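Structure record follows, encoded as structure tokens.
The values are calculated or read from the model by the stated rules, or taken from the named source; none is laboratory data. From a predicted model like this one, the values you see are computed outputs, not experimental measurements. With ideal geometry, Cβ positions are generated from the backbone for all residues, glycine too; neighbour counts draw on all protein chains shown. Heads up: the accessible areas ignore ligands, DNA and RNA and are worked out on the full protein's heavy atoms, side chains in. Shrake-Rupley method; radii C 1.70, N 1.55, O 1.52, S 1.80 Å.
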Amino acid sequence: MTAPILPGSTIGVLGSGQLGRMFAIAARRMGYRVHTFSPETDTPTGQVADVEIQAAYEDLDAVREFTRHVDVVTFEFENIPVTTVDTVAEHVLVRPSGGVLHTSQHRLREKTFLARNGFPVTAFRSVSSLEDLQASVHDLGLPAVLKTAGFGYDGKGQSKITSLSAGEAALQALEAQEAILEAFVDFEREVSVVAARGLDGVFAHYGVIENAHCHHILDVSIAPAAVSPKIAEEAVTIALSILEALDVVGVLCVEFFLTRDGKLLVNELAPRPHNSGHLSVDSCVTSQFEQQLRAVCGLPLGSTAQYRPAAMANLLGELWQHGEPHWPAACAFPEVKLHLYGKLVPRPGRKMGHLTALAASAEAAATLVGAARKALQHDAP
Ligand SMILES: Nc1ncnc2c1ncn2[C@@H]1O[C@H](COP(=O)(O)OP(=O)(O)O)[C@@H](O)[C@H]1O
Ligand SMILES: [Mg+2]
């Protein structure tokens, strides 16, 4: 058994967004140092890290220099080029491994991995030409969802298509060499399981979280989800099997569709803390970020017990449309917590922060967090 990486050590984070920021806050609280590497400066992670390195992911000299000052590297963003991660791995431990990243950063590889290992997924086809598209639409029927195979997030690079001609236009607009066509899932709800696996193979999970999306972007998450114990057990078992099949050391989130006839289908994997797990920061003994830290450092995992039911609402750039949101109005809800990521430009669809509410039930927490978010808004002039 390898010795754990102890407090006082330095963790390198590839990527510099809000996930890295909340990871860095957890890491610094436990006495670690954090270096972040990304092409930007004054980033959400950089603002709270000890060192912020600005360089392109392709600048392998800068990547090597970064590895000289850290004891282990993790990532907060899955669109890191695999050559970057491979270069890091030549010099220092990377957790989870580059292999996990390689599988989960590409939708076709990910779905192929899932299907081959017997995990339930919606029917899909690889599409790299108009002929492929025609054949795939013929096989899968319409509506269907066309997505770029790589580099998509928050609904970017995907569209629901309802006719072949719309599909052809969408494929051309994607300008992607490789795309995936998925059968549209008429789901009853979407849920996720945020899970962790330690260096010793110990598994921990945060139960089933229910997620509502708006324009393909997560809007509100609540935990615990209103699903039957049987579905909850099934979702957790699938998550456990996926973390084991990928040999994950770290945190991984499994996003699911729950179909109207009660079947779980895996939608996608995120090999890191997930937006739906943000409510663990305020409502659980160990947050998903501390759990990631413990896993990548080879420490025992912490308890995932939830103190109280919770709901999280994202704050997107739109909220700034008519001016700076009324922060004191949200703070006037004593059981609502405000999280802001330090992003300077509030573009529409950009995740700027979130609110978490705690209440006696998940439904009550959802109502509360919705009211607090509404109180932030300015009326249109
Ligand atoms: N095959 C599908 N059927 C129905 N809805 C889908 C499908 N694929 C994606 N969606 C909707 O779009 C959202 C975002 O898609 P997802 O594949 O998770 O991409 P992202 O990487 O942007 O999160 C999903 O959470 C879901 O609401
Ligand atoms: Mg998703």
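Numerical summary
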{"quantity": "Residue check, GLU65 modelled with pLDDT of 95 or more, surrounded by fewer than 19 Cβ atoms within 10 Å (Cβ to Cβ) and over 19 Å from GLY250 (Cα atoms)", "calculated": "yes"}
{"quantity": "Filtered residues of segment 31-62 (kept if buried (at least 21 other Cβ atoms within 10 Å of the Cβ) and over 17 Å from THR84 (Cα atoms))", "calculated": "TYR32, VAL34, THR43, PRO44, THR45, GLY46, ALA49"}
{"quantity": "The listed residue being modelled with pLDDT of 95 or more, outside any strand (DSSP E or B) and surrounded by 19 or more Cβ atoms within 10 Å (Cβ to Cβ), out of VAL88, VAL145", "calculated": "VAL88"}
{"quantity": "HIS102 within 27 Å of VAL296 (Cα to Cα), open to solvent by 50 Å² or more (accessible area, probe 1.4 Å) and away from ligand 1 (no atom under 15 Å from the Cβ)", "calculated": "yes"}
{"quantity": "Residues that are open to solvent by 40 Å² or more (accessible area, probe 1.4 Å) and at pLDDT 90 or above, drawn from segment 151-162", "calculated": "GLN158, LYS160, THR162"}
{"quantity": "Which numbered condition LEU130 misses (of (1) open to solvent by less than 40 Å² (accessible area, probe 1.4 Å); (2) under 22 Å from LEU171 (Cα atoms))", "calculated": "(1)"}
{"quantity": "The listed residue being touching a residue at least 40 places away in the same chain (Cβ under 8 Å), of a type in the set (Ser, Thr, Tyr), buried (at least 20 other Cβ atoms within 10 Å of the Cβ) and under 30 Å from LEU181 (Cα atoms), out of SER280, SER276", "calculated": "SER276"}
{"quantity": "Near pairs, Cβ below 8 angstrom, 6+ apart or cross-chain, from segment 212-224 (in a strand (DSSP E or B)) to any residue that is near ligand 1 (Cβ under 8 Å from one of its atoms) and open to solvent by 30 Å² or more (accessible area, probe 1.4 Å)", "calculated": "ILE217/ASP154; LEU218/ASP154; ASP219/HIS213"}
{"quantity": "Neighbours by Cβ (under 8 Å, 6+ apart or cross-chain): first from segment 152-163, in a loop (DSSP other than H, G, I, E, B); second near ligand 2 (Cβ under 10 Å from one of its atoms) and open to solvent by 30 Å² or more (accessible area, probe 1.4 Å)", "calculated": "GLY152/GLN158; ASP154/HIS216; GLY155/HIS213; GLY155/HIS216"}
{"quantity": "Flag if ALA330 is modelled with pLDDT of 95 or more and open to solvent by 10 Å² or more (accessible area, probe 1.4 Å)", "calculated": "no"}
{"quantity": "Only listed residue being away from ligand 2 (no atom under 16 Å from the Cβ) and open to solvent by 20 Å² or more (accessible area, probe 1.4 Å), chosen from LEU315, LEU299", "calculated": "LEU299"}
{"quantity": "The lone exception for VAL82 - which of (1) at pLDDT below 95; (2) aliphatic (A, V, I, L, M); (3) over 19 Å from the mean Cα position of the chain (by Cα) it fails", "calculated": "(3)"}
{"quantity": "Verdict on ALA195 being free of Cβ contacts under 8 Å to residues at least 60 places away in the same chain, within 23 Å of ALA313 (Cα to Cα) and either more than 16 Å from ligand 2 (Cβ to nearest atom) or not in a loop (DSSP other than H, G, I, E, B) (or both)", "calculated": "yes"}
{"quantity": "Candidate set from segment 226-257 (those that are over 17 Å from HIS102 (Cα atoms) and within 12 Å of ligand 1 (Cβ to nearest atom)); member that is surrounded by the most Cβ atoms within 10 Å (Cβ to Cβ)", "calculated": "PHE256"}
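This table checks each residue for (1) surrounded by fewer than 14 Cβ atoms within 10 Å (Cβ to Cβ); (2) under 21 Å from the mean Cα position of the chain (by Cα); (3) basic (Lys, Arg); (4) more than 8 Å from ligand 1 (Cβ to nearest atom).
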{"site": "SER165", "(1), (2), (3), (4)": "yes, no, no, yes"}
{"site": "GLU168", "(1), (2), (3), (4)": "no, no, no, yes"}
{"site": "ILE180", "(1), (2), (3), (4)": "no, yes, no, yes"}
{"site": "VAL185", "(1), (2), (3), (4)": "no, yes, no, no"}
